[in-house]
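Novice: Once you've had a glance at the structure underneath, I'll fire off some questions.
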Amino acid sequence: MEEELIIENQDPEESMIVDRVWDEMHKVKGFLFQIDFYTNRKRRLNRRITYLTIISAFICAFLALINNCELSKWIVFSLALFVAITTTVKEFLPNFIQAEEELKEIDKIYDFYKEYLQKLEKLFRERYYLNTDVDDIKMESRFNSIVKTDVDMESRLNRLCRDLTDDERINIRKKTIDYFNRNFLNNNINNQRV
């Protein structure tokens with residue numbers, strides 16, 4: 001059975017570490033949503049371009065067999081040009097079509113941040129359990145040891161997640177707030193946050 005959570009009346013000076021943990025959790029959950037939106041969009045685009053290239057190549061080959069009318073020559077030429085352009089774009093413009101190796105690296109960053117967030121959430125919740133001895137000093141010490149593991153992940157994430165639409169940014173923010181409202185504020189933890 002899960003222990004009951006409590007909220008202590010704290011002096012604002014004493015709760016600075018709680019604010020830091022809360023802000024870090026918010027940031028990391030936003031990263032997780034960012035990775036999810038970004039990789040889904042990029043993989044969907046990569047699949048569509050691959051499918052279009054394959055279909056175009058098959059149609060081009062089929063029409064080359066027929067090749068008895070002027071229209072089919074233009075269609076063959078157009079489709080061959082499309083295949084050449086998409087292959088070139090995939091090879092030389094990685095901002096448009098991201099390589100699967102980079103998406104796999106982003107997946108590893110996702111796994112790291114998922115575990116990182118779980119540690120932060122555990123620390124945050126332990127601060128409010130009745131039968132724990134986690135005070136601000138212990139919380140800060142544990143928080144600092146958790147944060148030390150995030151050496152270069154954020155810069156790797158920024159390098160690999162090259163673009164987000166405004167709608168995605170708004171959706172990420174909304175989902176992050178919903179997550180914390182559902183998992184923390186509705187459980188009477190830190191009602192003054194977000």
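Novice: Among what's in the stretch 97-143 and is aromatic (Phe, Trp, Tyr) and open to solvent by 20 Å² or more (accessible area, probe 1.4 Å), pick the residue that is farthest from the chain's Cα centre (by Cα).
Specialist: Result: Tyr129.
Novice: Can you tell me which residue within the stretch 147-172, out of those that are of a type in the set (Lys, Arg) and free of Cβ contacts under 8 Å to residues at least 40 places away in the same chain, is surrounded by the fewest Cβ atoms within 10 Å (Cβ to Cβ)?
Specialist: If we take residues in the stretch 147-172 being of a type in the set (Lys, Arg) and free of Cβ contacts under 8 Å to residues at least 40 places away in the same chain, then Lys148 is surrounded by the fewest Cβ atoms within 10 Å (Cβ to Cβ).
Novice: Go through the stretch 29-51 and count every residue that is closer than 18 Å to Ala99 by Cβ and of a type in the set (A, V, I, L, M, F, W, C).
Specialist: Number of matching residues: 3.
Novice: From (1) over 22 Å from Thr39 (Cβ atoms); (2) surrounded by 15 or more Cβ atoms within 10 Å (Cβ to Cβ), pick out the condition that doesn't hold for Arg182.
Specialist: Among (1) over 22 Å from Thr39 (Cβ atoms); (2) surrounded by 15 or more Cβ atoms within 10 Å (Cβ to Cβ), Arg182 violates only (2).
Novice: Got a sec? Which helices (runs of 4 or more DSSP H) wholly within the stretch 58-148 have at least 1 residues that are of a type in the set (A, V, I, L, M, F, W, C) and at pLDDT 85 or above?
Specialist: Correct list: 100-126, 136-147.
The values are calculated or read from the model by the stated rules, or taken from the named source; none is laboratory data. This one's a predicted model, so the numbers in the text were calculated from it and none came from an experiment. Don't worry about glycine lacking a Cβ; one is built from the backbone with ideal geometry, like all the others, and counts go over all protein chains shown. Areas reflect the complete protein model, heavy atoms only, side chains present, ligands, DNA and RNA absent. Shrake-Rupley method; radii C 1.70, N 1.55, O 1.52, S 1.80 Å.
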